[in-house]
Each structure stands twice: as C-alpha cells, then as structure tokens.
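Please read the structure below before turning to the comments.
The values are calculated or read from the model by the stated rules, or taken from the named source; none is laboratory data. Only a predicted model underlies this, so the values are computations on that prediction, with no experimental measurement involved. Counting neighbours? That spans all protein chains shown, and the Cβs are built from the backbone with ideal geometry, glycine included. For the accessible areas, the whole protein counts, side chains as well, though only heavy atoms, and no ligand, DNA or RNA atoms are used. Shrake-Rupley method; radii C 1.70, N 1.55, O 1.52, S 1.80 Å.
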Amino acid sequence: MDYSYDYAVGQQIRAAREACGLTQEQLSAQLQVSGCDRLTRSAVAKIEVGQRHIYVAELKAFRDILNVPFDQLLP
C-alpha cells in the first residue's frame, strides 16, 4: 500500500500545528478535550509522519482546533 498521501496529509497537519505555535502534546490535549480520545501525542506524531491513518472525524477536529480550512490540511 502506498502511504505517500498519508505522509503528505501529515506534513500539512504538522505545518498548521507549528504555525499555531502548538506542540504535539498541546494539540493532542485539545483534540482529546474535543472528543478524539485516541489522539495521544504519539498518535499525532504518527499521523504527522504518515504512519497512522486519519479518520474523517479526526480531520474535522484538526481543522477546528487549528482553525484552517480543509484544503489547507489536504495536499
């Protein structure tokens, strides 16, 4: 299976997170408060390097917390 798209999405999420001045730990805490209990710091790190798939509900949570449109998170 080709994970290049997962990696590209992860890099977009990482860039948006860094632009907001958040650490992976801070982002994961906000994601967990918003209802994404499985998004630990480790899960966020894996998403950013393309090692973990992201669910649509999680993508929406990233969008809401990072305050960016979907097209900024998707390559």
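Averaging the sequence gap over all C-alpha pairs within less than 8 Å and six or more residues apart, then dividing by the number of residues, gives the chain a relative contact order of 45 percent.
For the peptides 18-25, 62-69, 40-47, the ranking by mean Cβ contacts within 10 Å, running from highest to lowest, is 40-47, 62-69, 18-25. Label point of Y3 set 7 angstrom out along Cα-Cβ; within the stretch 12-29, no amide nitrogen lies under 11 Å from it.
For the chain, the per residue solvent-accessible surface stands at 61 Å², with DNA, RNA and ligands left out and a 1.4 Å probe. Is it possible to state the helix-based mean residue ellipticity at 222 nm for the chain, with each DSSP H run of 4+ residues giving -39500 (n - 2.57), the sum divided by total residues, to the nearest 500 deg cm²/dmol? What is it? It comes out at -19000 deg cm²/dmol, rounded to the nearest 500.
Hydrodynamic estimate: the Kirkwood radius of the chain over Cα pairs, inserted into Stokes-Einstein at 4 °C and 1.567 mPa s, corresponds to D of 109 µm²/s.
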